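Q: Dumping the structure here so I can ask a few things about it.
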Amino acid sequence: MLMTLLQILKNLSLFFSDDAILFYSDKCPVRLHSVLSQDFCTLHNWSELWNVTFKSQKTAVMTISKHRNDHPPLSFNNTHLPEADTQKHLGLLFHHSLSWHAHIIRLHQKVMTKIHRFRSFVSLVPRHAFLTIYKTNILPVKQIS
């Protein structure tokens, strides 16, 4: 079923669990719109054939470029897709300029939130227990970055 979908799509696509990404690169916005629209149409037809539901509300378009290009809006399942500056995929936050700044800020906030949560009871917990909590809750988030 998935192999069939990969064979009929025109551009590069990645699938993991219930996530999908369609990639297409072109300097011509009209051609880019045409190819992606064709693939969205193909996805729609395939989903009807195999009785699979795609949530177009969770779908966004992200143009990866240092220059913002005006291109016609894309739609999927009769829903106009919003343009996103960042997109989260498999725990990584991608920015349209391919900067890691937003991802690092998000990780920093996540770690600091956990640290502040544990600060309140640091003096109440034995050191070995606190180290275990630190190694299982905070260190994995820090090591991702």
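Q: Residues of the range 79-105 being at negative phi and aliphatic (A, V, I, L, M), which ones?
A: Filtering the range 79-105 down to residues at negative phi leaves 79-89, 92-97, 99-105.
Residues satisfying the conditions are LEU81, ALA84, LEU92, LEU93, ALA102, ILE104, ILE105.
Q: Now for a separate question. With the requirement that a residue be touching a Phe, Trp or Tyr at 6+ places or on another chain (Cβ under 9 Å) and either at pLDDT 85 or above or among the small types (Gly, Ala, Ser) (or both), what does the range 102-122 give you?
A: ALA102, HIS103
Q: Go through the range 3-44 and give me each residue that's farther than 28 Å from SER65 by Cβ and either in contact (Cβ under 8 Å) with a residue 24 or more places away in the chain or surrounded by 11 or more Cβ atoms within 10 Å (Cβ to Cβ) (or both).
A: THR4
Q: Still on this model: Exposed (fewer than 11 other Cβ atoms within 10 Å of the Cβ), modelled with pLDDT of 85 or more and outside the structural domain of PHE130 (by TED's automatic domain parsing): is that true of ASN51 in this structure?
A: Details: exposed (fewer than 11 other Cβ atoms within 10 Å of the Cβ): yes; modelled with pLDDT of 85 or more: yes; outside the structural domain of PHE130 (by TED's automatic domain parsing): yes.
In short, yes.
Each row is one residue, and each column tells you yes or no for (1) within 30 Å of PRO140 (Cα to Cα); (2) modelled with pLDDT under 85.
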site	(1), (2)
SER34	no, no
SER37	no, no
VAL61	no, no
HIS67	no, yes
TRP100	yes, no
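The values are calculated or read from the model by the stated rules, or taken from the named source; none is laboratory data. Everything numeric in this text was worked out from a predicted model, so none of it was measured. Cβ: placed from backbone, ideal geometry, glycine included. Neighbour counts: every protein chain shown.
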